[in-house]
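Data block below; observations after.
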Amino acid sequence: MNPRILMLLAGLLLLSATSLLYGLLSGSVAVRPEDLLAVLSGHGDSLQDQVLLELRWPRVAAAFVSGALLGTAGALMQVLLRNPLADPYVLGISGGAASGALLALLLGLGGAWLHGAAFGGALCSMLLVFGLAHGSGSWSAQRLLLTGVVVAAGWGALIGFLLALAPDGRLRGMLFWLMGDLSYASVPVAGSCVLLAGLVIATGLGRSLNILAYGEQTASALGVGVTGLRRTLYLLSSLLTAAAVMLAGSIGFIGLIVPHLLRLAGLRDHRLLLPATALLGGCLLVLADTLARTVLAPRQLPVGALTALIGVPLFLALLNYNRQGLVDRG
Amino acid sequence: MADARLLQAAQLEVSIAGHAVCRDLDLQIAPGDRWCLLGRNGAGKTTLLLTLAGLRPAAGGQLTVRGRPLTALAHRQRARHIGLLPQDHQDAFPASVLETALAGRHPWLGAWQWEGARDRKIAADALAAVGLAGFEARDTGTLSGGERRRLGLATLLAQQTPLQLLDEPLNHLDIHQQVRMLELLTQQATDAGRALLMVLHDINLAARYCNRFLLLFGDGTHAQGSHEVLDANRLQRLYGHPLTRIDTGHGPAWLPA
């Protein structure tokens, strides 16, 4: 394997560990690294125990897992639709989830009900788009994209309707959910399982995904069962997105930008790109969420705004750097 | 005894959007055959090629590979037997030249298997054969149209299939590269006992490098045979344009009248 790629993967692992540490140690209650060790070995004081284990760990873990889910789902969706602009939400999954979640918030439900309603909405949207796009047998990327975009627009209207009906007191919570919010997070057991299973399956399909990017005809001629692969990809990326949205609301940008950041950095093989996307997506969301709850503490900012604030300049810088690199090489 | 024919069509019927491409087509492709598929724009050459490649269902008739129905082959099995060079390439994401050529090894590798030294050697040899040695690390986006076309050919060569179907393989190639690629393809068809079936628009190059011709007239009828099938009447009917035969020192040449 290319040594540069190995360095990149090692760097990502290191970055993941650092971002998790940073997330655990930052906040209104100061925690030093040695306090963390004390808590882990069972000798911490009760305040630090509580802050770390009950508040920060669930939130940091949920941020990492949902970032990883979003990154992976985004990379898969981009191959499925053969469109570099695709993100996990383009086919309306997040719209369905948001409609479910906002309905729950409107009814004053929280906790497990909120997560359940979001997941239910996402599943509902996923089946709807699959059924409609699949209706007449042919299942081109175009048709899927069109169906998804139109269904997403429908959800958007429903969301507007729910927001208009909402009493003022609930509006803030609903808006935060829409921009992505990790303050309701709990330790993401189910999310981690979905992530691991999804990554293993997707990485196993990695070489077929590389080939699907060359076009449907080329891929079929090279022995890829395109129809089956597309269905698997759709279900997989939808489930990953639904799991992410259930954890953290619709956090934008991670799923769009993380796969491209890594492609620009030279990772093209999906067998490496997918695990790397998961790591970088996790890191970015942990960083963004930690900043969201600390920069203007005690006020909390919507994490979705922070992901874009970090992601946009990073992406543009890399794009610019890469263009110069291409000129040098070419 | 095993059936040696790489592909056989019996009473094949192909149609697209209600329009008949061919009816009652019997075709036998044997090792060493160099077929050329000729026809005017819209006659259905690509549609027939995709059908023969097993990528599109036929409207009727049978296609068999060494005596087995084509539809009975699994995707990967089929891709080890029949390779296809599509008419054009679409690269959705950046990839390097070597990665693209290595894609040809896909049907030969298991799901969790990585390309090994042997696959890399096959891909590098294929790149060298089409004149792209030294381009391995280049991004496909930086290639010219002709270089991208030759990369497509390298991918097809790396696939190492006994039967190669090529849809206008000479697109974007300059005259030197057209001859080079045809030499390469016909040479390895003869040497390795492979068979070619290519869509060409240049009758003279076709007559020089191919030994079997399939003419699609666009109304469902067709004609096939060796060089004698190329005569002025048939070619005029084929293209809807009269052609003049000129005898040169290297054999006959056809010029549009």
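Quick notes on this one:
- Shielding value for B:80-89 is 3, the average number of Cβ atoms from other chains within 10 Å of each residue's Cβ.
- Convex hull (Cα only) mean projected area of region B:1-121, reported in nm² to one decimal: 10.1 nm²
- FRET efficiency for the pair residue B:228 and residue B:142, taken as 1/(1 + (r/R0)^6) with r the Cβ-Cβ distance and R0 = 41 Å, rounds to 0.35.
- Tensor-based shape of region A:1-154 (alpha-carbon gyration tensor, a/c under 1.5 rounded, otherwise prolate or oblate): oblate
- Each of B:22, B:36 was scored by other Cβ atoms within 10 Å of its Cβ. Arranged with the fewest first, they read B:36, B:22.
- Building the convex hull from the alpha-carbon atoms of region B:95-217 and averaging its projection over directions returns 8.4 nm².
- For chain A, the mean projected area of the C-alpha convex hull, equal to one quarter of the hull surface, is 18.5 nm².
- Taking only alpha carbon atoms, region B:41-105 gives an Rg to Rh ratio of 1.03, where Rh is the Kirkwood radius.
- Taking chymotrypsin sites (Phe, Trp or Tyr not before Pro) as exposed when DSSP calls them loop and at most 15 other C-beta atoms lie within 10 angstrom, chain B has its longest site-free stretch at B:115-257.
- Fluctuation leader among A:75, A:190, A:98 - chain A, Gaussian network, Cα springs under 10 angstrom: A:190
- Each residue in B:246, A:211, A:5, A:251 was given a count of other beta-carbon atoms within 10 angstrom of its own, and listing them fewest first yields B:246, A:5, A:211, A:251.
- Modelled spin-label separation between residue B:204 and residue B:245, with each label point placed 7 Å from Cα along the Cα-to-Cβ direction: 1.7 nm.
- Relative packing of B:88-98, B:169-179, which averages over residues the other C-beta atoms within 10 Å, highest first: B:88-98, B:169-179
- Diffusion constant of chain B at 4 °C, which comes from Stokes-Einstein with the Kirkwood Cα-pair radius and 1.567 mPa s, µm²/s: 68 µm²/s
- Neighbouring Cβ atoms from other chains, within 10 Å of the Cβ of residues in A:198-207, number 2 on average.
- Measuring nothing but how far apart in sequence close Cα pairs (under 8 Å, 6+ apart) lie, relative to its length, region A:228-325 scores a relative contact order of 31 percent.
- Packing-based exposure ordering (other Cβ within 10 Å, fewest first) of B:64, A:290, A:241: B:64, A:290, A:241
- Both radii are taken from the alpha-carbon atoms of the protein assembly as shown; with Rh as the Kirkwood radius, Rg/Rh is 1.08.
- Rounded to the nearest 20, the size of the Cβ-charge dipole of region A:3-329 about its Cα centre is 800 debye, with Lys and Arg at +1 and Asp and Glu at -1.
- Treating r as the C-beta distance of residue B:176 and residue B:117 and R0 as 22 Å, the FRET efficiency rounds to 0.10.
- Estimated FRET transfer efficiency (residue A:5, residue A:45; beta-carbon r; R0 35 Å; 0.05): 0.20
- Computed about its Cα centre, the charge dipole of region B:1-94 is approximately 200 debye, with only Lys, Arg, Asp and Glu carrying charge at their Cβ.
- Folded to 0 to 90 degrees: helix B:117-129 orientation relative to chain B principal axis, Cα: 50 degrees
- When only the Cβ of Lys, Arg, Asp and Glu is charged (+1, +1, -1, -1), the dipole of region A:193-330 relative to its Cα centre reaches about 60 debye.
- Environment charge at residue B:254 (Cβ cut-off 15 Å; Lys +1, Arg +1, Asp -1, Glu -1): +1
- Cysteines without a disulfide-compatible neighbour (Cβ-Cβ under 4.7 Å), chain B: B:22
- With N the number of residues in region A:157-265, Rg(Cα) / (2.2 N^0.38 Å) evaluates to 1.40.
- Relative contact order [Cα under 8 Å, 6+ residues apart], chain A, whole percent: 30 percent
- Chain A: most fluctuating residue of A:105, A:40, A:301 per GNM, C-alpha cutoff 10 Å: A:40
Any read-out appearing in this document is the output of simple, stated calculations on the displayed coordinates, not a laboratory observation. This one's a predicted model, so the numbers in the text were calculated from it and none came from an experiment. Here Cβ is always computed from backbone atoms with ideal geometry, including for glycine, and neighbour counts include all displayed protein chains.
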